[in-house]
Each structure stands twice: as C-alpha cells, then as structure tokens.
C-alpha cells in the first residue's frame, strides 16, 4: 500500500512550503478574478439565458411574464412552411460554402505565388487591407461599385456587356454579396497559409526536383499535403465566420432583400429579436445555427483526422 | 534561390489579385472628391474633375464627426487597455503560478473562444437592459428605462476581457525563464510586484500585437454598437454614424459624403496598421498556428 508512504511524504513536506503553495494559489485566483468574473457575467450567464429563451415564450422586457414553451419555438423555426429553413438557411449555407470556396481557392493560389516573388511583405500588406477596414467601409464601397453607374458595370459596359443589377436582381444578389465576403477574408487566409508554406522544409522540393518532378507535381504531392494543418484551420475558421456573419448583409442590402434573397440565419435572428421583440423564436434560431456550426466543425475535424490516418 | 519556376505567372496572378484588393479603396477615395453631377452618372468616370474638399466639409457638418470620433476613441482605448491588463494578469497566473484547477481553467478559457458572438447577442442585450442599479433600475434590475444601454459602458464592458488575449499572453509568458522570477521571490518581492516589475515589462512584443488586434477590432465593431445606439444616438461610433447618414439623404448626393466619412474613419486604423503591420501580422499567424 502506498498510503503509509504517502502520509510520510506529506508530513515530510515542510510547513513553510505548504504555506507558500497556498499563498501562490491565492495570488493566482486574484490574478484570474477579473477574467473569471467577466466570463461568468458575459459568457456563462448569457449562454444559459440563451438556452432558456429558446424554450420560452416571451415578448416583453419584464422577466415575470416569461413562460415555458417547450420545443414549440423549434417547431415554428424548423417548419417547412416558414421562411427560416428555405430560403434563409439555404442562403446561409450557400453564402458560407461559396465564400469559403472562393477565399480558400484564391488564398492558396495567391499565397503559393507570393512565396516565389520578391517584396513578399509588400504584397501581403496589400492583400491584408480589407481585413483592417470596417465592414461599413467595405459594404458601402462594394455597394457603390455594384450600382448601374458604378465601377464594375462601367468596366462591363466598356467591354460591350449590358449593366447587371448585382444587388437589385434576386438571382445575382446572394452571389454578389458572397464575393465581397470572400474578397474581404482572403488576406487573413493568405497570412496563415504563408506561415504554413514557410514551415515546409525546402529539401523536400529539392529532392523531388532532382527526381524530375514538374511544378504541378510538386504542388500536388508536396505543398498541398504538408499545408493541410494550415489549410484546415483556414477552412474551419472561414466556415464558422461565414455561417454567422451578417454585418455585410445589413450594410449592403439593408433588409436582406430583394425578397429574402440575401437574408441569412443570423440576420433573421437579429431582426426577429430586435425588430419584433420575439426573443423566443430568435433564440431558437440562434440555437439551430449554433448546432449547425458545431456539427460542420466536428465533421471537418473528423474528415481531416481520417484522411491523416490513411496517408500516414 | 530555390524554386524559381513560373515567376511570370506568379507575378500575373499576384498583381491582378492586388489590383482587385486595392481598387475598391481607390474608388472610395476618388468618389469622396466627386461633385453633385459627377456621381451616379453613366458612363462611369473613375477620376473626379477636381480634388476639392467639399464632401469632407459636408461630412463634418452632417455627421457631428467630432462626437463620433470621441466616442470611437473612448471605447477603443478603454477596451484595448482593459484587454491588455486582464490578459496579462490571467496569462501570468496560467503560465507561472501553481494552483488547484489550473488545467481546468485553461481549458475553459480555450473553450470560451468557441462560443460564436451571435449566440450571446440577445441575452447579453437583455442583461445590459436589466442591469441592477443602472439607468434607474432597482436592485433586481427592474423599473428603469434602458439599464446600462444608455451609457458608453455598454459598448465597453462586454469586450473588457478576451479569451484569445489570455491565451496569447499565456503562451508568451510560459517561455519566460523561471530563474528570474525565483530570484525576485528570494529578494522578497510578492506576486504582484513580480508581475508588475519583472514580467510586465518583458511582455512588450506580445502586448503590441494584442493591443493592435484589439484596437482595430474595436474601432471597426459594428453590430453591437448599432444595437446599443439604436435607442440612444449619442452613443454612436464612427462606423455606425456614417452608415446611418444614408438613411435620411438622397443617395446620389450622399454617397460621396459617405465616402469622405469612410476615408476619415479608415485613416486612423490604416496608419496604425501600416506602422505596426509586422506585429499585427504576427498576431494573426499566431492565432492560426497556436
């Protein structure tokens, strides 16, 4: 038995040292107290409140009138007769998938190309400008460029193409907003991928070149597989960002129009809550979106891990 | 040099992409100088006929820019300072002090980064509204009109601590040598003195990184500020004030004025970013590679 030894062990620790450790623990909690207090008030409490709200029926500001509603809100939100599942959730997924695809494809291409140029820092700063600008600036500038008298239609007209109603035509509006979101997030992705590229030892390339591998072969069989951790991070964070963002939509289309064409789940939640005061329905929407984000993130991690086991 | 294949193709891709990145900003600057008859006309003209500052003067007149600017500065500076201090404190405890529950608290702080902001938007707003003893509320948070949402504190408090900031500080402080802290302890310094006089001065590089990320993020914050200031316009910051300008003026006349306002509100961030871009870039990369 270890108990006797253990007891001797504890007794053997000088009282002074125990006191020291005790004091260190107290100091640690003092250092942590602002952060822990904050997380209680602005994270745990709202999170629990969000769950309660999603299962309750409440339209006012007095908590006394809050009533338990069970899963009724979720029934309303997920009902196929409503607008939430279609078109709003479908829009959300198209917006997120579309911008992740464009931004990832674009940033891999750009990061790979920048990596073989002079003045790399200069190029990266240019690509990073949209990341630094406020969404109000980005949204308004693009809204302006998309107008019939704007820059993009001006270029199209010069090329002999008729003007396109990028934001006013229901079939173009969502892709137009998606492109802007992708455009704004390329810079951050380029940085992370660049760090990933720099971490690939150059001997791998040299060895493959000695074996006579071409550029494409180098890219497919060395760069892409070794870039996977950075790529996975970019994919997951962009997905999470794409599924929950709606500031760009408020700025560019105002009410998610034309006729819900650019309405996304987080924006619908925002409007239900703060325009109509339907806290319960809005919170149920937030929960549904949260579960979707969690599921897609876990799925991506799971796929990445399985792939990893197959190749290694 | 290694791998010098296809450099012309690489230049083509990167330059075309860079034009797409910079062009909207150039269009913003050019449009901010366009006069009444120059904006919104077909065919599109890139260059304005003159570079006079009429739209900038108009932006000052229509927007009460000094008030918006003051609010933006107060909120941004408060949030940045507070995030730096609380991150350095919590980061120190997690990196250098031994105490019960350290692993659990560290994992909890990592987990806080996973909760998406939209999920907390509604409950946080309601909590601010029912904040006890604020804005006329009683001890139970009832009876007042607006609670904390009528004060700039509503734009500051929910951002005073950052899980990412704590994580960044902790990662940096783990690498500080223990001998230095031990030596100070033997000299009779208490934990607060060790943190304040020995640890804090060494965190400069990571503090600049965290400070910049927080500064730029807070300066550009939109949704929460829009929400809080919707009932009290005196709380508007630059992005919100400029966005709302459009709702009550004719678009063809307003857009150049809005663009002037956006140039003014983007400049501080741009200057700060260009001066310290090395640190900002490092922060983004650190967040990606853990």
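Values in this text are rule-based calculations from the coordinates and carry no lab data. Remember, predicted model here, so these are calculated numbers, not experimental data. Note that we place each Cβ from the backbone using ideal geometry, even for glycine, and neighbour counts take in every protein chain shown.
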If you line up the long axis of helix B:102-112 against the longest principal axis of chain B, both from Cα atoms, how many degrees apart are they, to the nearest 10?
10 degrees
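Given the DSSP H assignment, sum -39500 (n - 2.57) over each helix run of at least 4 residues in chain B and divide by its residue total; what's the result at 222 nm in deg cm²/dmol, nearest 500?
Per the formula, -21000 deg cm²/dmol.
Which whole-number percent gives the relative contact order of the range B:31-180, counting Cα pairs below 8 Å spaced six or more residues apart? Write out the running numbers ahead of the final one.
Numbers: 139 pairs, mean separation 39.6, N = 150.
Over the range B:31-180, the number comes to 26 percent.
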Chain A: relative contact order as a whole-number percent, Cα under 8 Å and 6+ apart
25 percent
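By count of other Cβ within 10 Å, fewest leading, how are B:12, B:94, A:94, B:139 ordered?
Lowest count first: B:139, B:12, A:94, B:94.
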Taking chain B as the reference, fit the longest principal axis to its C-alpha atoms, fit the long axis of helix B:7-31 to the helix C-alpha atoms, and give the angle between the two in degrees, 0 to 90, nearest 10.
70 degrees
Run the numbers for residue A:62 and residue A:172: contour at 0.36 nm per residue of separation, minus the present Cα-Cα distance, in nm.
35.3 nm
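Compute the Cα gyration tensor for chain B, then decide on rounded, prolate or oblate, letting a ≥ b ≥ c be the square roots of its eigenvalues: rounded whenever a/c is under 1.5, prolate when a/b is larger than b/c in the other cases, and oblate in all that remain.
Here chain B falls in the oblate category.
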From Cα pairs below 8 angstrom and at least 6 apart in sequence, can you work out the relative contact order of chain B, rounded to a whole percent?
27 percent
Between residue A:295 and residue A:118, what is the label-to-label distance in nm when each label sits 7 Å out along the Cα-to-Cβ direction?
5.3 nm
Gain in length, residue B:57 to residue B:275, computed as 0.36 nm per residue apart minus the alpha-carbon separation, to one decimal in nm?
75.7 nm
Computed [θ] at 222 nm, deg cm²/dmol, chain A (DSSP H ≥ 4; -39,500 (n - 2.57); rounded to nearest 500):
-23000 deg cm²/dmol
Among B:182, A:209, A:268, which comes first, then next, by fewest other beta-carbon atoms within 10 Å?
B:182, A:209, A:268
Fewest to most Cβ atoms within 10 Å: B:170, B:253 sort as B:253, B:170
Taking Cα atoms, how many degrees apart are the long axis of helix B:204-219 and the longest axis of chain B, rounded to 10 and kept between 0 and 90?
40 degrees
